[in-house]
Ligand code: TXA
Ligand code: MG
């Protein structure tokens, strides 16, 4: 931990970032989904430092990021063929696989569970850091616990400045929402967190049904209601209500539709009506509006179709209850 957090760039600063990891420190770095806060997953104190920097409860398990499919068996045991099939197809990419853990993998990483979640991220920066450090890197999203996930280095610094060793600025995360997490330990795999890779594709690949478990109530952060919240209250509006609404100066809007009444500059962000682009820009839009100290951010409701499933899941977590 350092009072100010240096911004590094790869490949020039790879040796510096690797030295931080080897010293048991935390480094924020881009993945294709969101920025992760990485530390040596085999070093108990380094993993504890992640929890401390994020102010995250110790019971919430972390994803271990690896740089090759061959590394899966270092961390996991009894790996079923369906896990290899999905890894071959989607890695490097936004898919995380829950598997039985090897006995040596620390409870600090897994939150005391007998399982470990593995992912190979599609980010050259991240992969080169894993290879240079020679270890798997535990990495949750690089934000304070319950705050909005970061999709660029500036977002990371909003909540973790001064609390981490460095941030590697690799530009914008291209996917923009967190990976799909699938439990592949059972014959019928189960989605634990919906994400960029949809249930239909997974079911097609595996020629089987895929279930979805609403993980609510479990002490894992992605399943804690209201997890991804900005400081500003957020409310959802249907398109109908939106078309009638007049906004005050202190209110902001994220919409899909064009909005006819002018809002002050920078207070209305219209996002794409395709889920892929909407997902890429969603957290950034929240960050932009949140830093303006508004009284409320309104978000236009999303279509209720399969392709918007993961985004509806994230939206339900940012919208204030009641
Ligand atoms: O896209 C992503 O997955 C990003 C980037 C940085 O890779 N990471 C991310 O990590 O979103 P995090 O810590 O914010 O969310 C990881 C989720 C946890 O909320 C939990 O639901 C699940 O992974 N998880 C990890 N290990 C688990 C385990 N052993 N059992 C059940 N769930 C687990
Ligand atoms: Mg997170």
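Any residue at all in region 196-215 that's within 12 Å of the chain's Cα centre (by Cα), buried (at least 21 other Cβ atoms within 10 Å of the Cβ), modelled with pLDDT of 95 or more and part of a loop (DSSP other than H, G, I, E, B)? It would help to see each step written out before you state the result.
To start, the set of residues in region 196-215 that are within 12 Å of the chain's Cα centre (by Cα) comprises 196.
Filter again for buried (at least 21 other Cβ atoms within 10 Å of the Cβ), leaving 196.
Filter once more, keeping what is modelled with pLDDT of 95 or more: 196.
Okay, now just the ones that are also part of a loop (DSSP other than H, G, I, E, B), so 196.
Checked region 196-215: at least one residue is within 12 Å of the chain's Cα centre (by Cα), buried (at least 21 other Cβ atoms within 10 Å of the Cβ), modelled with pLDDT of 95 or more and part of a loop (DSSP other than H, G, I, E, B).
The set of residues in region 108-119 that are touching a helix residue (DSSP H, G or I) at 6+ places or on another chain (Cβ under 9 Å) and either without any contact (Cβ under 8 Å) to a residue 12 or more places away in the chain or within 16 Å of ligand 2 (Cβ to nearest atom) (or both) comprises 109, 117. Residues in region 33-67 that are under 30 Å from residue 88 (Cβ atoms) and surrounded by fewer than 21 Cβ atoms within 10 Å (Cβ to Cβ): 42, 43, 60. Scanning region 169-189 for residues that are within 16 Å of ligand 2 (Cβ to nearest atom) and not in a strand (DSSP E or B) yields a count of 6. Taken over region 281-316, the criterion of being touching a helix residue (DSSP H, G or I) at 6+ places or on another chain (Cβ under 9 Å) and assigned to a strand (DSSP E or B) is satisfied by 297, 298, 299, 300.
Yes or no, residue by residue, for (1) surrounded by fewer than 24 Cβ atoms within 10 Å (Cβ to Cβ); (2) more than 13 Å from ligand 1 (Cβ to nearest atom); (3) modelled with pLDDT under 95:
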residue: 147; (1), (2), (3): yes, no, yes
residue: 152; (1), (2), (3): yes, yes, no
residue: 155; (1), (2), (3): no, no, no
residue: 170; (1), (2), (3): yes, no, no
residue: 180; (1), (2), (3): no, no, no
residue: 183; (1), (2), (3): yes, no, no
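Annotation note: of 89, 54, 74, the sole residue that is in contact (Cβ under 8 Å) with a residue 60 or more places away in the chain and either within 11 Å of ligand 1 (Cβ to nearest atom) or closer than 23 Å to residue 287 by Cα (or both) is 54.
For region 75-88, indicate whether the set of residues that are at pLDDT below 95 and at negative phi is non-empty. No, region 75-88 contains no residue that is at pLDDT below 95 and at negative phi. Take the residues of region 87-104 that are under 24 Å from residue 35 (Cβ atoms) and in contact with a strand residue (DSSP E or B) (Cβ under 8 Å, 6 or more places away or on another chain): which is surrounded by the fewest Cβ atoms within 10 Å (Cβ to Cβ)? Checked region 87-104; the qualifying residue surrounded by the fewest Cβ atoms within 10 Å (Cβ to Cβ) is 91. Every condition in (1) in a loop (DSSP other than H, G, I, E, B); (2) surrounded by fewer than 24 Cβ atoms within 10 Å (Cβ to Cβ) holds for residue 128 except the one numbered (1).
Give the residue that is nearest to ligand 2 (Cβ to nearest atom), with candidates limited to residues of region 24-42 that are touching a residue at least 60 places away in the same chain (Cβ under 8 Å) and over 22 Å from residue 151 (Cβ atoms). Reasoning before the result, please.
Our first condition is that a residue be touching a residue at least 60 places away in the same chain (Cβ under 8 Å); within region 24-42, this holds for 25-42.
After this cut, where a residue has to be over 22 Å from residue 151 (Cβ atoms) as well, the list is 25, 40-42.
Numbers: 25: 20, 40: 19, 41: 16, 42: 22 Å.
Filtering region 24-42 for residues that are touching a residue at least 60 places away in the same chain (Cβ under 8 Å) and over 22 Å from residue 151 (Cβ atoms), the one nearest to ligand 2 (Cβ to nearest atom) comes out as 41.
The values are calculated or read from the model by the stated rules, or taken from the named source; none is laboratory data. None of the values given here were measured: they were computed from a predicted structure. Neighbour counts are summed over all protein chains in view; Cβ atoms, including those assigned to glycine, are modelled from backbone coordinates with ideal geometry.
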